[in-house]
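Report on the structure given below.
The values are calculated or read from the model by the stated rules, or taken from the named source; none is laboratory data. Everything numeric here is computed off the predicted structure, so don't read it as measured data. Note: ideal-geometry Cβ built from the backbone for every residue, glycine included; neighbour counts use all protein chains shown. Side chains included, ligands, DNA and RNA excluded: accessible areas come from the protein's heavy atoms. Shrake-Rupley method; radii C 1.70, N 1.55, O 1.52, S 1.80 Å.
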Amino acid sequence: MDRDDQNAPAPSRRRVLGKIGTGLAAVFASPVLAKGGGAGALAFQGQTPPRQSVKQNPVTQFPRPPFPGQTQPWPGLASRMRPRPDHGETSYQGTGRLQGRKALITGGDSGIGRAAAIAYAREGADVAINYLPAEESDAREVVALIRAAGRKAVALPGDIRSEAFCQQLVARAVRELGGLDILVSNAARQHALPSIRDLTTELLDWTFKTNLYAMFWIVKAALPSMGPGASIIVTSSVEAYSPSENLLDYAQTKSAQVAFVKSLAKQLAKQGIRVNGVAPGPYWTPLQVTGGQPPEMIPQFGAMTPLGRAGQPVELAGIYVLLASQESSDATGQVYGASGGSGNP
Ligand code: NAD
Ligand code: MG
């Protein structure tokens, strides 16, 4: 569990590769890298700058639709998606922007939360991730990547629809990390339904519990452990601003998260705790292939954006790092968008 050396410089790409288990070999041989990561692959051998700093055409940088049709039972695994989502495994290189920080990320096993977890660790933070027990194999990959970055990884599986579990989650994260500087409330439930008539109270409750109640419970439990300079980041969505007709419940929660961010930021400003949101557009993650979209929409997922493709989780890593770091010291109550050219804010 412990990092190798708290003060060691960021490990080389070669060392990172050497330390990660063979289970991750597929990540590095992923179609994402093959298709869009030429520069990243070279950087991996220590020969050129990392992909995130190489000028590229964003239109062709990552896989474009059509994607292979695919569905998985909820909550799904990133490891089973084709192509595999790019969370920055081979490309993100840190520069010490979060040195010594302690972060808790819900939904840190896959998708956007995993991209934040990898980036935070490579920026020098110790990272605890929460996820569902069914996602253990995805979570193990993230734990290996955090440790390969020389940081402490804490794996905290459990269902955040329980207030008691949310309180335990925060307590264990604080105890095992030795404090808490960054909280990313990112886990969510999204299930597309054509009509309000299909939306049962049970399903409505599932979405609201996961996306709103758990956020409230976790933030409330975490605040006593957070001090000046701490940062809370909530993953909202373009759905907060441009709600889809088939995401009636989900869009409401994403909209409510924006109000939560803006209100809480005012409450906590005097304590020096910042609260911001991120509102992504379509991103290639398990959430979408486990009922987040109707299955027939998956092959063209993201095609309607001006960039003509879905985003990959790594494309949000920089925003999560910025909002967690001292560089955004005047940003609180803000929501940052990244949606391929359509949507707000
Ligand atoms: P994802 O499936 O990789 O992540 C969602 C995570 O939520 C899961 O990994 C799971 O660990 C967690 N989760 C769900 N229910 C849970 C529960 N009851 N208990 C504990 N954990 C639970 O998908 P993602 O797209 O990376 O989602 C991350 C965030 O991004 C969500 O808030 C989602 O609303 C938001 N978002 C996604 C998109 C997109 O297109 N993928 C767009 C806008 C916003
Ligand atoms: Mg997951």
The residue that is nearest to Pro294 (Cα to Cα), considering only those in the stretch 257-275 that are in a helix (DSSP H, G or I) and among the β-branched types (Val, Ile, Thr), is Val258
Looking at Leu287, Leu322, Leu268, Leu247 in this structure, which one is surrounded by 21 or more Cβ atoms within 10 Å (Cβ to Cβ) and either modelled with pLDDT of 95 or more or within 14 Å of the chain's Cα centre (by Cα) (or both)?
Leu287
Based on this model, can you work out whether Val289 counts as away from ligand 2 (no atom under 16 Å from the Cβ), assigned to a helix (DSSP H, G or I) and touching a Pro at 6+ places or on another chain (Cβ under 9 Å)?
no
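Condition check ((1) surrounded by fewer than 17 Cβ atoms within 10 Å (Cβ to Cβ); (2) in contact (Cβ under 8 Å) with a residue 40 or more places away in the chain; (3) touching a Pro at 6+ places or on another chain (Cβ under 9 Å); (4) in a helix (DSSP H, G or I)) across all residues:
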{"residue": "Gly113", "(1), (2), (3), (4)": "no, yes, yes, yes"}
{"residue": "Ala117", "(1), (2), (3), (4)": "no, no, no, yes"}
{"residue": "Ala134", "(1), (2), (3), (4)": "yes, yes, yes, yes"}
{"residue": "Arg147", "(1), (2), (3), (4)": "no, yes, no, yes"}
Here the residues within the stretch 330-339 that are over 17 Å from the mean Cα position of the chain (by Cα) and either open to solvent by 70 Å² or more (accessible area, probe 1.4 Å) or under 20 Å from Ala303 (Cα atoms) (or both) are Asp330, Gln334
Quick check on my filter: what residues within the stretch 149-172 are of a type in the set (D, E, K, R) and either open to solvent by less than 10 Å² (accessible area, probe 1.4 Å) or away from ligand 2 (no atom under 16 Å from the Cβ) (or both)?
Arg151, Lys152, Glu163, Arg172
Between a first residue in the stretch 227-253 that is without any contact (Cβ under 8 Å) to a residue 24 or more places away in the chain and a second residue that is open to solvent by 30 Å² or more (accessible area, probe 1.4 Å), which pairs have beta carbons less than 6 Å apart while being 6 or more apart in sequence or on different chains?
Ala251/Pro243
Which one of the conditions (1) within 11 Å of ligand 1 (Cβ to nearest atom); (2) of a type outside the set (S, T, N, Q); (3) over 20 Å from Gln61 (Cα atoms) does Ala116 fail to meet, given that it meets all the rest?
(3)
Listed by first then second residue, the pairs whose first member lies in the stretch 94-107 and is touching a residue at least 40 places away in the same chain (Cβ under 8 Å) and among the aliphatic types (A, V, I, L, M), whose partner is open to solvent by 10 Å² or more (accessible area, probe 1.4 Å) and part of a loop (DSSP other than H, G, I, E, B), with beta carbons under 8 Å and at least 6 positions apart or on separate chains, are Ala103/Asp181; Ile105/Asn186
Which number in (1) over 16 Å from the mean Cα position of the chain (by Cα); (2) aliphatic (A, V, I, L, M); (3) within 16 Å of ligand 2 (Cβ to nearest atom) marks the one condition that Met304 misses?
(3)
Would you be able to say whether some residue in the stretch 122-132 is under 15 Å from Ala317 (Cβ atoms), more than 13 Å from ligand 1 (Cβ to nearest atom), open to solvent by 10 Å² or more (accessible area, probe 1.4 Å) and out of contact with any strand residue (DSSP E or B) (no Cβ under 9 Å at 6 or more places or on another chain)?
yes
Qualifying residue in the stretch 332-345 (condition: farther than 30 Å from Pro73 by Cα and small (Gly, Ala, Ser))
yes
Criterion first (modelled with pLDDT of 95 or more, open to solvent by 10 Å² or more (accessible area, probe 1.4 Å) and in a helix (DSSP H, G or I)) does Lys254 satisfy it?
no
If you take the residues of the stretch 191-234 that are open to solvent by less than 10 Å² (accessible area, probe 1.4 Å) and not in a helix (DSSP H, G or I), which of them is nearest to ligand 1 (Cβ to nearest atom)?
Val234
